[in-house]
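**Q** Here it is, the structure, as structure tokens.
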Amino acid sequence: MPDDIFKMPRMAKSEYDRLVEEQYVCRIAFQGEKHPYIAPFIYVFDGRFMYFLSTNYGKKVKHFRDNPFVTVEIEHYSPDLSSFRFVALPGRLVQVEDAPQKSAVREMFVRLIRSRGLSPNVLSALGHSPQEPVEALLRDEKSSVWKLVGVKVEGILGLKSQSP
């Protein structure tokens, strides 16, 4: 590799932890049949684990069942790209079956949607009609709760733009 190639600075653990806490939209890369399959998700983070609501249909469900090993990518960038940060978190998705835990995660999603002032249209990505109240997430299980586990610090890649 030529010596004159600039390498983006790596983010410290505290920096990518903050990125995960600040954001709520990610992409999940699944092992596809021939090519990787990438899908956007909103997520909640409890300080230790990331959780996702997945509709109970579509390619992502098939890919999850075939191979739950994924990479979750989160990014933030300024409109002119003068500053940007992203982190890739390789791990494994598991379906949460514990009723109290599922309920707690669904409550976190309701709080996220309300606190961020998200459009009711986001409900359509979670298996609900945008005409339904956001509390429908609590009473109707039209989606599965997935949890990202097995993320190892040494496998995380967090990069950022150079500081001014």
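The values are calculated or read from the model by the stated rules, or taken from the named source; none is laboratory data. Note that the coordinates shown come from a computational prediction; the quantities given were computed from them, not determined experimentally. Counting neighbours? That spans all protein chains shown, and the Cβs are built from the backbone with ideal geometry, glycine included. Each accessible area value is taken on the protein alone, full model and side chains, heavy atoms only, with ligands, DNA and RNA left out. Shrake-Rupley method; radii C 1.70, N 1.55, O 1.52, S 1.80 Å.
**Q** Mind checking which pairs have a first residue in the range 123-141 that is touching a residue at least 60 places away in the same chain (Cβ under 8 Å) and a second that is among the hydroxyl-bearing types (Ser, Thr, Tyr) and surrounded by fewer than 17 Cβ atoms within 10 Å (Cβ to Cβ), Cβ under 7 Å, 6 or more apart or different chains?
**A** Close Cβ pairs satisfying both conditions: LEU126/THR55; GLY127/THR55.
**Q** Can you tell me which residues in the range 30-50 are open to solvent by 30 Å² or more (accessible area, probe 1.4 Å) and either in a strand (DSSP E or B) or touching a residue at least 60 places away in the same chain (Cβ under 8 Å) (or both)?
**A** Taking the range 30-50 first, the residues open to solvent by 30 Å² or more (accessible area, probe 1.4 Å) are 31, 33-38, 40, 45-49.
Hits for the range 30-50 are TYR37, ILE38, PRO40, PHE45, ASP46, PHE49.
**Q** Follow-up. In the range 56-66, is there at least one residue being touching a His at 6+ places or on another chain (Cβ under 9 Å) and more than 17 Å from CYS26 (Cα to Cα)? Spell out the reasoning first.
**A** Narrowing the range 56-66 to residues touching a His at 6+ places or on another chain (Cβ under 9 Å): none.
No, that holds for no residue.
**Q** A further question on this structure: Is it the case that the range 1-24 has a residue that's assigned to a strand (DSSP E or B) and either open to solvent by less than 70 Å² (accessible area, probe 1.4 Å) or among the hydrophobic types (A, V, I, L, M, F, W, C) (or both)? Please lay out each step first, then the result.
**A** We begin by selecting, within the range 1-24, every residue assigned to a strand (DSSP E or B); these are 10.
Imposing the further condition that a residue be either open to solvent by less than 70 Å² (accessible area, probe 1.4 Å) or among the hydrophobic types (A, V, I, L, M, F, W, C) (or both) reduces the set to none.
Among the residues of the range 1-24, not one is assigned to a strand (DSSP E or B) and either open to solvent by less than 70 Å² (accessible area, probe 1.4 Å) or among the hydrophobic types (A, V, I, L, M, F, W, C) (or both), which makes the answer no.
**Q** Quick one: in the range 50-99, which of the residues that are out of contact with any strand residue (DSSP E or B) (no Cβ under 8 Å at 6 or more places or on another chain) and among the hydrophobic types (A, V, I, L, M, F, W, C) is modelled with the lowest pLDDT?
**A** Filtering first and then ranking leaves LEU81.
**Q** Same structure, new question: Looking at this structure, is HIS63 touching a residue at least 12 places away in the same chain (Cβ under 8 Å), surrounded by 15 or more Cβ atoms within 10 Å (Cβ to Cβ) and over 30 Å from GLU154 (Cβ atoms)?
**A** Values: touching a residue at least 12 places away in the same chain (Cβ under 8 Å): yes; surrounded by 15 or more Cβ atoms within 10 Å (Cβ to Cβ): yes; over 30 Å from GLU154 (Cβ atoms): no.
Answer is no for this residue.
**Q** Can you tell me which residues in the range 74-87 are assigned to a strand (DSSP E or B) and open to solvent by 40 Å² or more (accessible area, probe 1.4 Å)? Can you show your working first?
**A** Looking only at the range 74-87, we keep the residues that are assigned to a strand (DSSP E or B), and these are 74-77, 84-87.
The answer is GLU75, HIS76, TYR77, PHE84, ARG85, PHE86.
**Q** Picking from ARG92, ARG48, which residue would you name as being under 14 Å from the mean Cα position of the chain (by Cα) and either within 30 Å of SER163 (Cα to Cα) or aromatic (Phe, Trp, Tyr) (or both)? Reasoning before the result, please.
**A** Working: ARG92 fails: either within 30 Å of SER163 (Cα to Cα) or aromatic (Phe, Trp, Tyr) (or both).
Only one candidate qualifies: ARG48.
**Q** What tally of residues in the range 88-102 results from selecting those that are farther than 23 Å from GLY158 by Cβ and either crowded, with 16+ Cβ neighbours inside 10 Å or free of Cβ contacts under 8 Å to residues at least 12 places away in the same chain (or both)?
**A** Residues in the range 88-102 being farther than 23 Å from GLY158 by Cβ and either crowded, with 16+ Cβ neighbours inside 10 Å or free of Cβ contacts under 8 Å to residues at least 12 places away in the same chain (or both): 6 in total.
**Q** Sort out which residues of the range 112-135 are assigned to a helix (DSSP H, G or I) and under 25 Å from GLY47 (Cα atoms), and write them in order of number.
**A** Initially, the range 112-135 is screened for residues assigned to a helix (DSSP H, G or I), giving 112-115, 120-126.
Answer for the range 112-135, where residues must be assigned to a helix (DSSP H, G or I) and under 25 Å from GLY47 (Cα atoms): LEU112, ILE113, ARG114, SER115, VAL122, LEU123, ALA125, LEU126.
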